[in-house]
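Written below as structure tokens is the structure these notes are about.
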Amino acid sequence: MLNTIIHGDPTDHPPLLIAHGLYGSARNWGVIARRLSDERQVIAVDMRNHAYSFWDAQHGYPDLAHDLAKVIDSVGGIADIVGHSMGGKASMVLALEYGDLVRKLVVADIAPVAYSHSQIQFIEAMRAVDMSRVQRRSDAEAQLADLGVEKALQSFFTQSLDVEGGRWRLNLDVLASEMPKIMGFPEISTHWDGPALFLSGAASDYVLPEHRGQIRTLFPAARFAKIPGAGHWLHAEKPREFEAAVRTFLNA
């Protein structure tokens, strides 16, 4: 099963499961998870091929959704879900294919569509880091900077760096080979009628007006909200606003 970081104890509310995005980890969500755990138990997962979870040759969304379903089964069989980017797509497939396991769904800055841009350039940058010259995270960050990676992403990527082991805690080879699946979205003919919030960064172009028709086809009860001043990494850029929006939706 996926590696998890559990915040808080079970309460009368269903637990909240957090699924991170590409190149992320459960640790990235520590601050928000701890704050939300004042009302409900929060379970942040490391997705497959990331951080401390298992590595596998398959990285399609039905696989990721099945992983999340197993975690929910292990904590009582129903949960609220927050998924960002890749984790948001996995969470949507989870709701569509295992709908009885999901009470409420929050999809952070992603739509159930195929995207034309790739994230392969970041895999190439991480592969290019010379581990023999890395004694601390800042050494890797400096190399990533020389490779053209922006400051915020340098820090984000190196959270998945095993300095002592001289390796990335990311299955870069599989993430590269499975990138078309990660950028895509599977053909699914069902729909999920539960409460769904599509929460976007106002400065992001990941969820566009033309995506709303497809979203409502799959999630007829979908609601939409934007966080002013936030881009794709809305939970990192505006954590208090993100937390408030999620809390309000879950408690409504």
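Rundown of residues vs (1) within 26 Å of Val207 (Cβ to Cβ); (2) surrounded by fewer than 24 Cβ atoms within 10 Å (Cβ to Cβ), yes/no style:
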site: Ile6; (1), (2): no, yes
site: Arg34; (1), (2): no, yes
site: Ser37; (1), (2): no, yes
site: Tyr52; (1), (2): no, yes
site: Pro62; (1), (2): yes, yes
site: Gly87; (1), (2): yes, no
site: Leu96; (1), (2): yes, yes
Pair list, Cβ under 6 Å, 6 or more apart: region 189-210 residue on the phi < 0 side of the Ramachandran plot, other residue polar (S, T, N, Q) and surrounded by 22 or more Cβ atoms within 10 Å (Cβ to Cβ): Val207/Ser200
Residue match in region 197-213 (condition: open to solvent by 50 Å² or more (accessible area, probe 1.4 Å) and touching a helix residue (DSSP H, G or I) at 6+ places or on another chain (Cβ under 6 Å)): no
Residue identified as open to solvent by 20 Å² or more (accessible area, probe 1.4 Å) and either over 29 Å from Asn3 (Cβ atoms) or not small (Gly, Ala, Ser) (or both) among Ile182, Ile188, Ile227: Ile188
Qualifying residue in region 144-158 (condition: in contact with a Leu (Cβ under 7 Å, 6 or more places away or on another chain) and under 26 Å from Glu243 (Cβ atoms)): yes
Search result, residues across region 154-167 that are among the hydrophobic types (A, V, I, L, M, F, W, C) and open to solvent by 20 Å² or more (accessible area, probe 1.4 Å): Phe156, Val163
Identity of the residue in region 125-153, at pLDDT 95 or above, in a loop (DSSP other than H, G, I, E, B) and among the aliphatic types (A, V, I, L, M), that ends up surrounded by the fewest Cβ atoms within 10 Å (Cβ to Cβ): Leu147
Meets criteria (touching a His at 6+ places or on another chain (Cβ under 7 Å) and either assigned to a loop (DSSP other than H, G, I, E, B) or under 30 Å from Ala140 (Cα atoms) (or both)) for Ile188: no
Those residues of region 189-211 which are farther than 18 Å from Ser91 by Cβ and either touching a strand residue (DSSP E or B) at 6+ places or on another chain (Cβ under 7 Å) or not acidic (Asp, Glu) (or both), in sequence order: Ser189, Ala202, Ala203, Leu208, Pro209
Of all residues in region 103-124 being outside any loop (DSSP other than H, G, I, E, B) and open to solvent by less than 10 Å² (accessible area, probe 1.4 Å), the one that is farthest from Ser200 (Cα to Cα): Ile123
Pro62 vs. criteria more than 18 Å from Thr158 (Cα to Cα) and part of a loop (DSSP other than H, G, I, E, B): no
Members of region 16-40 that are over 9 Å from the mean Cα position of the chain (by Cα) and part of a strand (DSSP E or B): Leu16, Leu17
Residue that is surrounded by the most Cβ atoms within 10 Å (Cβ to Cβ) [pool: residues in region 70-85 that are of a type in the set (A, V, I, L, M, F, W, C) and outside any helix (DSSP H, G or I)]: Val82
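The values are calculated or read from the model by the stated rules, or taken from the named source; none is laboratory data. Everything numeric in this text was worked out from a predicted model, so none of it was measured. FYI the Cβ positions are ideal-geometry reconstructions off the backbone, even for glycines, and counts take in every protein chain you see. Keep in mind that these areas ignore ligands, DNA and RNA; they rest on the heavy atoms of the full protein, side chains included. Shrake-Rupley method; radii C 1.70, N 1.55, O 1.52, S 1.80 Å.
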